[in-house]
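Following: one structure in C-alpha cells, then a few remarks.
The values are calculated or read from the model by the stated rules, or taken from the named source; none is laboratory data. Just so it is clear, the structure is predicted and the values come from calculations on it, not from any experiment. All Cβ positions, even for glycine, are placed from backbone atoms using ideal geometry, and neighbour counts span all protein chains on display. Note: areas computed on protein heavy atoms with side chains; ligands, DNA, RNA excluded. Shrake-Rupley method; radii C 1.70, N 1.55, O 1.52, S 1.80 Å.
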Amino acid sequence: MAKSWKMPKWFYQLGSPRWFYDISSRLLPWFAVAAVLLLVLGAAWGLAFAPPDYQQGNSFRIIYIHVPAAVLAQSCYMLMAVAGAISLIWKMKVADMVAKSCAPIGATIAILALATGAIWGKPTWGAWWVWDARLTSMLILLFLYIGVYTLHSAIDNEVNAGQAGAVLSLVGLVNIPIIKYSVEWWNTLHQPATFTITEKPKMVPEMWVPLLVMVIGFYCFFAVALMLRTRTEILQREKRSSWVQQLVEGK
Amino acid sequence: MHFESFSDLIEMGGHGPYVWTCYAIAATILIYNIVSPLLSKKQFFDEQTRRLKREQRISNSKS
Amino acid sequence: MTNSTTSDLGLGAVFWITLKRDLLLAFRRRNDLVSPLVFFLMVATLFPLGVSPEPKFLSEVAAGVVWVAALLSTLLSMDGLFRTDFDDGSLEQMLLSPQPLALLVVAKICAHWMISGLPLTIMSPLLAVMLFLPDGAMGALVVTLLIGTPTLSLIGAIGAGLTVGLRKGGVLITLLVLPLYIPVLIFGTGAVQAAASGLPINGYLAILGAILALGVVLAPIAVAAALRISVSN
C-alpha cells in the first residue's frame, strides 16, 4: 500500500447509517410521489390508450409490466453485487444493508417478471411455459436471488451473513453473462424457430413511450422500496445507538 | 382512448383475464414490497417503546 | 501472506503435501468414497424405471441423464470437502499458515476431484451402455466429463466454503451451487448430443475448457474468501 488514495467525501458519508437515514427520509417523499405518478400514468396509458399489437392484440399490454420487471430484476442483482463488493472492500455498513435489502425485492420482482411472462405466453404461444431463453435465464436469476436470500437467513451473525452473501452475489455476477450466453445458445439448439413473435417488431412511439414511463416508474418504486427496507434494517442493527434511542423516545 | 366503452376495456377482445391478472399480480407485489418494510418498522418501534417503558418501570420501582 | 516465500516450504511442496494428505484421509474412509459412485449409478437407474425403458428414448436422453447424475453426485460429496477439517480445527491451521490459502484450496479441490469426479468419469461409459448412448458419442461423454467435473468441483467448493460453519449446510449448498452449474451442464450435454449426431465437438470442448480455466483462476480466490468468513463465524 504505497499509495494511499481517498474516495470523495460523500462516499464515506454513505457509510454512516445515520446520515443515510436522514438523507433517505428527505428523498423518500419525492421518489414515492414520482413512482406513484409514473406507474399510474404508465399503466393507464398502456392499458387504455396505446394501440394494440397487430399480431398479439390486447395481450400485448402485458409488456408494460413484464419488460420493466425483467429489466429491474437484472439491475437489482447488479446493485446487490456492487453493494456487496463495496461492503467487502470498505467494510461499509450501509452498503451491506443495501445488499441485504436488494435480495427479497429482487426475488419478488423476478417472480413478477416470470409470472407475467407465463401469463403472456398463454394467449401468445398457447402454453403457460415455454423454454424461451429469456424466461429461462430469468428463472435462473430467481434461483440466484433465492440462494443469496437463504444464505443470509441461514447465518446468525449479521456481519458474516453480509460478507457471505456478498461473496455469493459476486460469484453470481461473474456467472450471469456465462449463464445468459449458454441459455441463449441452448435455446437455439433445442427450440424450433416457430415463435418469431419473440423477435420484437419495430415499436411505434405510441407503444414505447408508455413503456419508458413504466420502466422509469419501476425504478422509482425500487428506490422507494429499497430505502424503506434499508431504513428498517438500519434501525434494527443500530438499535443500541443513541440516535435511534432518541427516535424511539420521540415517538 | 383506444377502447369504445368501459366493458370493452375490461374485455380486451378476449385477452382481458390475462392482462388484468398480470396487472393485479404486479400491484400485489409492488404493494407488498412497500408495506412489508413499513410493517416491520412499526413493529420495531412498538418493541422498542415497550422495552423503554419496561426499563422505566423497573428503574422507578427500584428508586 | 507476504512472508510465504521466506517460509521453509515452497509453494509446490505445500501443494503436494496437502494433496497427499487429503487423498490419504479419503482412502482411510472408503465408504465415503464409494457412496457418491453408487448414488451416481442409482440416479441413472431411476430414469428408465421412472420414464421409459424404450432403447430409442433412452439413447436420446442418455447424455442428459448421465450428466445430471454426475452433477448431483458431485454435489452430494461436496459438503464433506471442508467439513471434517472444520470440525477438527485443521481448517483454522490452514488459514493461519503462511502459505496462500487459495493454493491450499486448489490442492484440496484437486484431491476432491480425484476421488469424486475422476471415478465418475471412468464409470460413465458403463452407464452410457446401460442407457443405450450411441457408440459415436461415448468418447465425447468421457472427454466432456473429464473437463467438466473439475469445474463442478471448483464451483461446488465455493458453496462448501460458504456453508462450512452451518449446521444444515448440506441442503443449502445445493441451493447455492446448482444455478451456477447450468452452463457446464448445457455445454456438456450439448457436446455429447452433437457427437451422437456426427457433428464436430471441438467448439464445445473449447468453451468447457474456457469455463474450467476461468474457474481455476477465480474460484480458489472466492473459496478462500468464503472460508475466512465462515471460520470467523
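Within region A:125-141, residues that are within 18 Å of C:VAL184 (Cα to Cα) have Cβ atoms under 7 Å from residues that are among the acidic types (Asp, Glu) and at pLDDT below 90 in these pairs: A:ALA133/A:GLU184, counting only partners at least 6 apart in sequence or on another chain. Take the residues in region A:53-68 that are more than 7 Å from every other protein chain (Cβ to nearest Cβ) and in contact with a Phe, Trp or Tyr (Cβ under 7 Å, 6 or more places away or on another chain); name whichever of them is modelled with the lowest pLDDT. Once the filter is applied, the top-ranked residue is A:ASP53. If the condition is being surrounded by fewer than 21 Cβ atoms within 10 Å (Cβ to Cβ) and more than 13 Å from B:ILE34 (Cβ to Cβ), then region A:218-237 contributes A:TYR219, A:LEU235, A:GLN236, A:ARG237. Taking the criterion of being closer than 17 Å to A:LEU141 by Cβ, within 9 Å of chain C (Cβ to nearest Cβ) and open to solvent by 40 Å² or more (accessible area, probe 1.4 Å), the residues of region A:158-177 that qualify are A:LEU170, A:VAL174.
Every condition in (1) more than 10 Å from chain A (Cβ to nearest Cβ); (2) under 15 Å from A:GLY46 (Cβ atoms); (3) among the small types (Gly, Ala, Ser) is met by B:ALA26 except one, and the failing one is (1). Here's a check for you: in region A:65-82, which residue that is open to solvent by 10 Å² or more (accessible area, probe 1.4 Å) and either in contact with a Pro (Cβ under 6 Å, 6 or more places away or on another chain) or not β-branched (Val, Ile, Thr) (or both) is nearest to A:GLU158 (Cα to Cα)? Per the criteria, the residue is A:LEU79.
Listed by first and then second residue, the pairs linking a residue in region C:126-148 that is within 14 Å of C:GLN193 (Cβ to Cβ) to a residue that is outside any helix (DSSP H, G or I), with Cβ atoms under 6 Å apart and 6 or more places separating them unless they lie on different chains, are C:ALA140/C:ILE201. For region B:22-35, the set of residues classified as open to solvent by less than 50 Å² (accessible area, probe 1.4 Å) and in contact with a helix residue (DSSP H, G or I) (Cβ under 8 Å, 6 or more places away or on another chain) consists of B:CYS22, B:TYR23, B:ILE25, B:ALA26, B:ILE29, B:LEU30, B:ASN33, B:ILE34, listed by residue number. The criterion of being facing chain A (nearest Cβ under 8 Å), surrounded by fewer than 24 Cβ atoms within 10 Å (Cβ to Cβ), aliphatic (A, V, I, L, M) and assigned to a helix (DSSP H, G or I) does not hold for C:LEU146.
In region A:115-157, of all residues being of a type in the set (Phe, Trp, Tyr) and within 10 Å of another protein chain (Cβ to nearest Cβ), the one that is most open to solvent (accessible area, probe 1.4 Å) corresponds to A:TYR149.
Consider region A:89-103 and keep the residues that are surrounded by fewer than 20 Cβ atoms within 10 Å (Cβ to Cβ) and either at pLDDT 90 or above or in a helix (DSSP H, G or I) (or both). The one that is nearest to the other protein chains (Cβ to nearest Cβ) is A:ILE89.
Evaluated against (1) more than 22 Å from C:GLY165 (Cβ to Cβ); (2) modelled with pLDDT under 90, C:THR84 falls short on exactly one condition, (1).
Enumerate the pairs (first residue in region C:50-62 and free of Cβ contacts under 8 Å to residues at least 24 places away in the same chain; second residue anywhere and of a type outside the set (A, V, I, L, M, F, W, C)) with beta-carbon separation below 6 Å, excluding pairs fewer than 6 apart on the same chain, so at least 6 apart or on different chains. So the pair list comes out empty.
Of the residues making up region C:28-64, those that are out of contact with any Phe, Trp or Tyr (no Cβ under 6 Å at 6 or more places or on another chain), part of a helix (DSSP H, G or I), open to solvent by less than 50 Å² (accessible area, probe 1.4 Å) and within 24 Å of C:ALA140 (Cβ to Cβ) are C:PRO36, C:LEU37, C:PHE40, C:VAL43, C:ALA44, C:PRO48, C:VAL61, C:ALA62, C:ALA63, C:GLY64. Hey, among the residues in region C:208-233 that are facing another protein chain (nearest Cβ under 8 Å) and of a type outside the set (A, V, I, L, M), which one's nearest to C:ALA160 (Cα to Cα)? For region C:208-233, the residue satisfying everything is C:SER230.
Select from region A:36-64 the residues that are more than 11 Å from A:LEU211 (Cα to Cα) and of a type in the set (Val, Ile, Thr) and write down the one among them that is surrounded by the fewest Cβ atoms within 10 Å (Cβ to Cβ). The selected residue is A:VAL40. Per this entry, C:LEU205 is not counted among residues that are under 16 Å from A:ILE179 (Cα atoms) and either acidic (Asp, Glu) or more than 10 Å from chain A (Cβ to nearest Cβ) (or both). Being of a type in the set (Ser, Thr, Tyr) and over 30 Å from A:SER16 (Cβ atoms) is a condition met by at least one residue of region A:103-126.
Yes or no, residue by residue, for (1) more than 7 Å from chain A (Cβ to nearest Cβ); (2) open to solvent by less than 90 Å² (accessible area, probe 1.4 Å); (3) not hydroxyl-bearing (Ser, Thr, Tyr):
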| site | (1), (2), (3) |
| --- | --- |
| B:TRP20 | yes, yes, yes |
| B:THR49 | no, yes, no |
| B:GLN56 | yes, no, yes |
| B:SER61 | yes, no, no |
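Counting only residues that are surrounded by fewer than 17 Cβ atoms within 10 Å (Cβ to Cβ), of a type in the set (A, V, I, L, M) and either touching a residue at least 24 places away in the same chain (Cβ under 8 Å) or touching a helix residue (DSSP H, G or I) at 6+ places or on another chain (Cβ under 8 Å) (or both), region C:73-96 holds 1 of them.
Looking across region A:25-35, just one residue is at the interface with another protein chain (Cβ under 10 Å from one of its Cβ atoms) and open to solvent by 20 Å² or more (accessible area, probe 1.4 Å), and that is A:ALA32.
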